[in-house]
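The values are calculated or read from the model by the stated rules, or taken from the named source; none is laboratory data. Owing to the predicted nature of the structure, the values given are computational and were not obtained by experimental measurement. So basically every Cβ, Gly included, is an ideal-geometry build from the backbone, and we count neighbours across all protein chains shown. When the accessible area is computed, the model is the full protein with side chains, heavy atoms only, and any ligands, DNA or RNA have been set aside. Shrake-Rupley method; radii C 1.70, N 1.55, O 1.52, S 1.80 Å.
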Amino acid sequence: MILILLGPPGAGKGTQAKLLAAALAVPHISTGDMFRDHKARGTEIGKRVQAIMDAGGLVTDEITNAMVEERLARADVATGCILDGYPRTVGQAVFLDGLLARLGRPLGKVVSYEVSEAALVERIGGRRSCASCGAVYHVTQQPPRQAGRCDKDGAALVLREDDKPENVRKRMQEYATKTAPLKAYYQARGQVVEVDGLGEPAVILAATRQLLGR
Ligand code: AMP
Ligand code: ZN
């Protein structure tokens, strides 16, 4: 089953996507991770998206849709997948509808993580990422064993460029104007389940699975 995770920056969508993917044994497809990987490898796509990503803007639908189309064509998504950070605009949602129709794959549910704005600011402000492997921590909610160092490889933890305050504001704006309308788009088809995004990741995962019946 193909699931879409929807939620503003800082809602814990990425963490839930990984947990859900492991629990349901399907691939976790994060367009943000794919773009960061392109950037790190210095590919043509990476060069085209670098500046816009760092500033907290959205990559064009054209580039994003093409990347997703290629990913969904691979064999490992035959049993389903978790879409994390895609679609992000109504244009992408319309494209995805067409793509899934062509592939003969139904869209399952759309999970919407509900979190207050105050909690989002607190979460993103405390977020730190490993400069080497990209693992994500939080200074108080999910601290590494040794302050400022990644548990996995000991590399320095940094504030991601797009987690800097001015860029977070831009991401919030992009979310409010371009992504938030997706909830109504899917609600009109009765596909949305709402989950309280505040709390322990394991508790949120359990609540989500209960709502999905999986
Ligand atoms: P994320 O890790 O999901 O927050 O994504 C990081 C950044 O990648 C975003 O701020 C955008 O610049 C870009 N990005 C990720 N997914 C998309 C998408 N579906 N459409 C446009 N830009 C995206
Ligand atoms: Zn690391």
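What are the residue pairs meeting all of these: first residue in the range 21-44, first residue touching a residue at least 12 places away in the same chain (Cβ under 8 Å) and more than 16 Å from residue 131 (Cα to Cα), second residue within 16 Å of ligand 2 (Cβ to nearest atom) and open to solvent by 40 Å² or more (accessible area, probe 1.4 Å), Cβ atoms under 9 Å, and 6 or more apart or on different chains?
Pairs found: 28/18; 30/18; 30/36.
Looking at (1) within 16 Å of ligand 2 (Cβ to nearest atom); (2) surrounded by 15 or more Cβ atoms within 10 Å (Cβ to Cβ), can you tell me which one residue 81 breaks?
(1)
Return the residue satisfying two criteria in turn: it lies in the range 115-147 and is within 18 Å of the chain's Cα centre (by Cα), of a type in the set (A, V, I, L, M, F, W, C) and within 16 Å of ligand 2 (Cβ to nearest atom), and of such residues it is farthest from residue 168 (Cα to Cα).
133
Quickly run through the range 145-177 and pick out the residues that are touching a strand residue (DSSP E or B) at 6+ places or on another chain (Cβ under 8 Å), acidic (Asp, Glu) and within 15 Å of ligand 1 (Cβ to nearest atom).
163
Does the range 99-108 include one or more residues that are closer than 22 Å to residue 198 by Cβ, surrounded by 15 or more Cβ atoms within 10 Å (Cβ to Cβ) and away from ligand 2 (no atom under 16 Å from the Cβ)?
If we filter the range 99-108 for residues that are closer than 22 Å to residue 198 by Cβ, which is where we start, we get none.
The answer is no, given that none of the residues of the range 99-108 is closer than 22 Å to residue 198 by Cβ, surrounded by 15 or more Cβ atoms within 10 Å (Cβ to Cβ) and away from ligand 2 (no atom under 16 Å from the Cβ).
Of (1) of a type in the set (Gly, Ala, Ser); (2) open to solvent by 20 Å² or more (accessible area, probe 1.4 Å); (3) within 16 Å of ligand 1 (Cβ to nearest atom); (4) under 22 Å from residue 10 (Cβ atoms), residue 116 satisfies all except one. Which?
All conditions are met except number (3).
Look at residue 6 and say whether it is touching a Ser or Thr at 6+ places or on another chain (Cβ under 6 Å) and open to solvent by less than 10 Å² (accessible area, probe 1.4 Å). Steps first, please.
Working: touching a Ser or Thr at 6+ places or on another chain (Cβ under 6 Å): yes; open to solvent by less than 10 Å² (accessible area, probe 1.4 Å): yes.
Criteria met by residue 6.
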